[in-house]
Amino acid sequence: MLFFALPLFVALLLAFIVTTVHRVLPPVLSARVVATSEFVVVVAAVPTVLMIGLVYLTHLPALGKGFEWCATALGLHHRVPIWLGLPAVGLTVLAAVRVRRVVRSFRDLRFDGVGTVEVVDGDEPFA
């Protein structure tokens, strides 16, 4: 199980190193380095949390029968402790709900009725 969490641990170590040295870098370089390290942590964290949650669900007695093909295909034979599996499943569900809300909000704003354009006579520009 530690093998699946290794990318996340390496990314978190990188983020820790970056946050300790970013103060001595010039501001432009510091912003780029911090943004890049945040991107690396997210890219490592999302698949790790999804995999841990999937492995946890695979080994549950009630849900495990439907996921046993996944455990066999991925070679995931070790149980995930409840203190690690439950938060991973919770974060996955929370992220799915949040993504759904953002997508719905985006669609609502994108397809909002097109308003009319009015030209006002004046010297001062305003919107």
Problem - For P(r) over Cα pairs in 10 Å bins from 0, in percent, calculated from these coordinates, the label among [x] 11, 32, 31, 18, 7, 1; [y] 13, 40, 33, 10, 2, 1; [z] 11, 24, 22, 20, 13, 7, 3, 0 - result: [z]
Exercise for the section: With a 1.4 Å probe and every protein chain left in place, tell me how much accessible area F111 has, in Å² to the nearest 10. Expected result: 140 Å²
Problem - Estimated [θ] at 222 nm from DSSP helical runs (n ≥ 4, -39500 (n - 2.57)) normalised by residues in the chain, nearest 500 - result: -25500 deg cm²/dmol
Exercise for the section: Taking only Cα atoms and a 10 Å spring cutoff, compute GNM fluctuations for the chain and point out the largest among V18, V41, V103. Expected result: V103
Problem - Most fluctuating residue given options L14, L63, L109, as computed from a GNM of the chain linking Cα atoms under 10 Å - result: L109
Exercise for the section: Order V93, V117, most accessible first, counting only protein heavy atoms with a 1.4 angstrom probe. Expected result: V117, V93
Problem - Relative contact order [Cα under 8 Å, 6+ residues apart], the chain, whole percent - result: 22 percent
Practice task
Report, in degrees rounded to the nearest 10, the 0 to 90 angle that the Cα long axis of helix 64-74 makes with the longest principal axis of the chain.
Solution key: 90 degrees
Completion exercise
For the chain, the longest principal axis of the Cα atoms and the Cα long axis of helix 2-21 enclose an angle in degrees, to the nearest 10, of 40 degrees
Fill in the blank from the handout: Among A62, A96, A45, the residue with the largest mean-square fluctuation in a Gaussian network model of the chain built from Cα contacts under 10 Å is A62
Exercise for the section: May I ask you to derive the relative contact order of the stretch 1-65, considering only C-alpha pairs under 8 Å and at least 6 residues apart, and to give it as an integer percent? Expected result: 39 percent
Fill in the blank from the handout: In this structure, the FRET efficiency calculated for V43 and K65 from their beta-carbon separation, with R0 = 35 Å, to the nearest 0.05, is 0.60
Problem - Surface per residue (accessible, 1.4 Å probe) for the chain, Å² - result: 80 Å²
Practice task
Treat each spin label as a single point 7 Å out from the Cα along the C-beta direction, and report the V21 to V120 distance in nm.
Solution key: 5.4 nm
Exercise for the section: Using a 1.4 angstrom probe on heavy atoms only, work out the carbon and sulfur share of the accessible area of the chain in %. Expected result: 71 percent
Exercise for the section: Would you check the accessible area of L13, probe 1.4 Å, heavy atoms only, in square angstrom rounded to 10? Expected result: 100 Å²
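The values are calculated or read from the model by the stated rules, or taken from the named source; none is laboratory data. Worth saying up front: this structure is predicted, and the values here are computed from it rather than measured. In this analysis, Cβ positions are derived from the backbone assuming ideal geometry, glycine residues included, and neighbour counts consider all displayed protein chains. The protein model used for the area step is the full one, side chains on, heavy atoms only, and it has no ligands, DNA or RNA in it. Shrake-Rupley method; radii C 1.70, N 1.55, O 1.52, S 1.80 Å.
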